[in-house]
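Worksheet: one structure, shown below.
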Amino acid sequence: MNRVFLSKLAVLFAAVALLAASCGSDASSAAVAEGAIEGQLTIIDAWARQPVAGQTTAAVYAVVSNSTDTDRQIVAVTTPLTDRAELHETVIDENGVASMEQRNDGFLVSSGETMVFEPGGAHVMLRDIEPDAFGDTVDVVFEFDDGETLAATAEVRSGLADNAMDAMDHDAMDDDTNHNDHENATGHDDHDDDDHDDGETLDIDVALLHHVDEELAAGNLDVDAQRLIVADYITEIEALEPADDSQIAELLTLLGDLDAALEQADLTTASELATAAHELAHGLVPHS
C-alpha cells in the first residue's frame, strides 16, 4: 500500500473532522453560501448517507442559508421515510468525550449567515427506517419557528469512505513509490511478513481501519463516518462466511463490538476495540 496515498487519505479525513469540530451549532458563523437566493431561505447541497445493510438509522446533511433580514430558527425536520426525524449535533464534553445529542430547540440561522449540517457536527438523524426505503434521493422538509417550511431533495451517497477515495489524486498514488517506515498514533510499526498467520489470510484493504484506529487513539470521535467505515468492513467480511472458530470470525466480532461502542459514543472502549481489530486484521492480511 502506497504510504503517500495513506497519508493523503488520513489528511483528508482529518480535515473533515476539524471542519466539523469548528462549526458551532448555534453560532451559524459561515456567510451566506454560494447558490443562496437573495432575500430568501435556501437549502443547497442536501445529501443523505446510504444506510449499510441491516441498519435502521441514517443521517441527512445540508447547507441552509438565510439571506432574509431576520434570524430564523430551524425547529424540526420531517420526511416520508419515518416519523422519527430528529435534529442532532455531535458535542465534546470537558473530558474530550464526544457524543450525539438531540436538539429539541433546533438550530439558529442568523440573518445573512449559513447553518451547515455535516458529518461530525449538526445533522438530521432518521430513525426506524425500513432497510429498503432508500432510493436515489430522500425528500426532507425543514420547519422554522414562524411556521414556514422548506423542502429539499437529498441525494443519497455511498458515504465518506467512497467519496474520499474518489477525491484522491490517483496519478500521485501510482507514480510515488516512497515507502518510508512509519509509526502511527497507536504505536504500531510496519508489519513484516513474519507477523502474519500463514494458516489463515484475509483479502481486504486495512487502510481505513488503520485510519479509524489512529483517529480514536488521538481522541477524535466521528460517530457517523467511523460507523460507516466499520459497517463496510463487517459487510465485506460477513460475505466470506468465516468459520465460527476462525480468526476472521474473531475479527468480525471485534468489529461488531466496535460498532456498538461507536453508537454509544464510548471513546475509550471504541479506541481499545479499534486497536485490537486493526492488529488482528494486519495479522490476517498479507503484506498489509
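Derivation of every value follows stated rules applied to the coordinates shown; laboratory data play no part. Model, not experiment: these values are computed from the prediction. Because the Cβ atoms are built from the backbone with ideal geometry, glycine has one as well, and the counts that use them run over all protein chains shown.
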Ranked packing of 200-210, 217-227, most packed first, by mean Cβ within 10 Å: 217-227, 200-210
Counted charge near GLY121, where neighbours are those whose Cβ lies closer than 11 Å (Asp, Glu -1; Lys, Arg +1): -4
Formal net charge of residues neighbouring ALA85 (Cβ-Cβ distance under 12 Å; K, R +1; D, E -1): -3
Relative packing of 144-152, 237-245, 73-81, which averages over residues the other C-beta atoms within 10 Å, highest first: 73-81, 144-152, 237-245
